[in-house]
Every structure is written in structure tokens, then in C-alpha cells.
1. Tally the residues that are outside any loop (DSSP other than H, G, I, E, B) and either surrounded by fewer than 18 Cβ atoms within 10 Å (Cβ to Cβ) or over 14 Å from the mean Cα position of the chain (by Cα) (or both), restricting the search to the stretch 25-41.
2. Take S115 and tell me if it is in contact with a Ser or Thr (Cβ under 9 Å, 6 or more places away or on another chain) and either in contact (Cβ under 8 Å) with a residue 60 or more places away in the chain or within 20 Å of V178 (Cβ to Cβ) (or both).
3. Tell me which residues, restricted to the stretch 42-86, are β-branched (V, I, T), part of a loop (DSSP other than H, G, I, E, B) and under 14 Å from the mean Cα position of the chain (by Cα).
4. Does the stretch 5-15 include one or more residues that are part of a loop (DSSP other than H, G, I, E, B), at pLDDT 85 or above, basic (K, R) and more than 16 Å from A104 (Cα to Cα)?
5. Among the residues of the stretch 63-79, write down those that are touching a residue at least 60 places away in the same chain (Cβ under 8 Å), of a type outside the set (A, V, I, L, M, F, W, C) and either surrounded by 21 or more Cβ atoms within 10 Å (Cβ to Cβ) or in contact with a strand residue (DSSP E or B) (Cβ under 6 Å, 6 or more places away or on another chain) (or both).
6. What strands (runs of 3 or more DSSP E) lie completely within the stretch 120-180 and have 2 or more residues being at pLDDT below 95, in contact with a His (Cβ under 7 Å, 6 or more places away or on another chain) and crowded, with 21+ Cβ neighbours inside 10 Å?
7. It is to be established whether one or more residues within the stretch 95-103 are in a strand (DSSP E or B), touching a Gly at 6+ places or on another chain (Cβ under 9 Å) and at negative phi.
8. When you scan the stretch 81-111, how many residues do you find that are touching a helix residue (DSSP H, G or I) at 6+ places or on another chain (Cβ under 8 Å) and either surrounded by fewer than 22 Cβ atoms within 10 Å (Cβ to Cβ) or of a type in the set (S, T, Y) (or both)?
Amino acid sequence: MLAPEKDKRYTYADYFSWDDGERWELINGEALVMAPGPSWRHQGISGGLFYQLANFLKGKDGRVFSAPFDVRLNADTADNTVLQPDIIVFCDRSKLDGTGCKGAPDMTVEILSPSTAKRDRLVKLRLYQDAGVREYWIVDPDTKTATVYTLENGKYVVAVYGDDEVAPVHILAGCEIVLADVFEE
């Protein structure tokens, strides 16, 4: 199939067969096209975060990946939700397969852009919490903040960090992100 049709529900098998050159996400079977390539600010922030996480994880069991990377949140049930977070951290490598991951990663990061901000703040927040993603970061290039959601007793607890602060990565003991380096232009 070339591309999904509007108002139809899909699974990962359908998603995997699309070859129209677009990047897609599935949310409860609904196909959502992703925005065109991200801005240079978005890419700079992504690179800054990835660099710090990768350096911390060097020689350790965890792995960090950047988009595009398929996260199949409900692969063991309906298999109809496939997301592509900007950055993904895994402590449990058994979730990785040949095409991405099956199940909840330990940490996801979404960097806001005008076309995805509402989805990242509302829809994905709920999906990640329900799937058991232990830590979810929403990074806002405009306000130069990182909103960090940490899962406690099945619900997210929130903390906000500015560009002049150091934000702890709760799932990685001893890991701290220097946000001044992330937001450096």
C-alpha cells in the first residue's frame, strides 16, 4: 500500500507496509503524518540531549536512540500505536527488535514544534503514562525549558527546568543534563 486512507484504522503490519516516503505515527490505529524535517533549533537541541545521554551511557547497559525509531507501545495487544519520539532511552535491551522496540522505553523525549506541540503535551503524555514509560521529557525551544514527567505509582509527577539549570535523569542514577549546553545556539 502506498499510504493510509483517512478515517480508517491500522495496525503495525499496515504501517510497516507504507512506502510513500512520509513519516507516520499510529495512535490507537489512526494514521498521523509527521511534520516535514525539523528546524535547525530542533536538531541542535536533539543533538545536545543525545550527546549528553550517549556519553553517560557509554560502557553501561542502557542505549539511547534518536528518531526515526519505531516505538510500538502496545505491540503485545492491539499493536496499533507506533510513535517516533525524538530521543528514546532503554535500560532493558530485550525490548529492542529488528525494527525498533516492542513495549515502553524507559525514557522518551519530545522536542516541541508548532505542528506537534498539542499532540506531545496531551495525547503522547497520556499514552506514555498509560504504557509505563518511566520518564518523559517535553523540551520547548521557545521557552528554553524541559518539563520532566517521572512515573510514580502509575501517574506522572512533573518538574520544570530552565536553560540555566541542570536536570537530573531519574531513570539513570547520577546522570544530569546541562540544559545550557542543550539550548546553546
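1. 7
2. Taking the combined requirement at face value, the residue does not satisfy it.
3. Result: T81, single match.
4. Yes - at least one qualifying residue is present in the stretch 5-15.
5. Within the stretch 63-79, R72 is the sole residue that qualifies.
6. The strands (runs of 3 or more DSSP E) meeting that bar number zero.
7. Looking for residues that are in a strand (DSSP E or B), touching a Gly at 6+ places or on another chain (Cβ under 9 Å) and at negative phi, one finds none in the stretch 95-103, hence no.
8. 5
The values are calculated or read from the model by the stated rules, or taken from the named source; none is laboratory data. Since the model is a prediction, treat every value here as computed from it, not as a measurement. Neighbour counts are summed over all protein chains in view; Cβ atoms, including those assigned to glycine, are modelled from backbone coordinates with ideal geometry.
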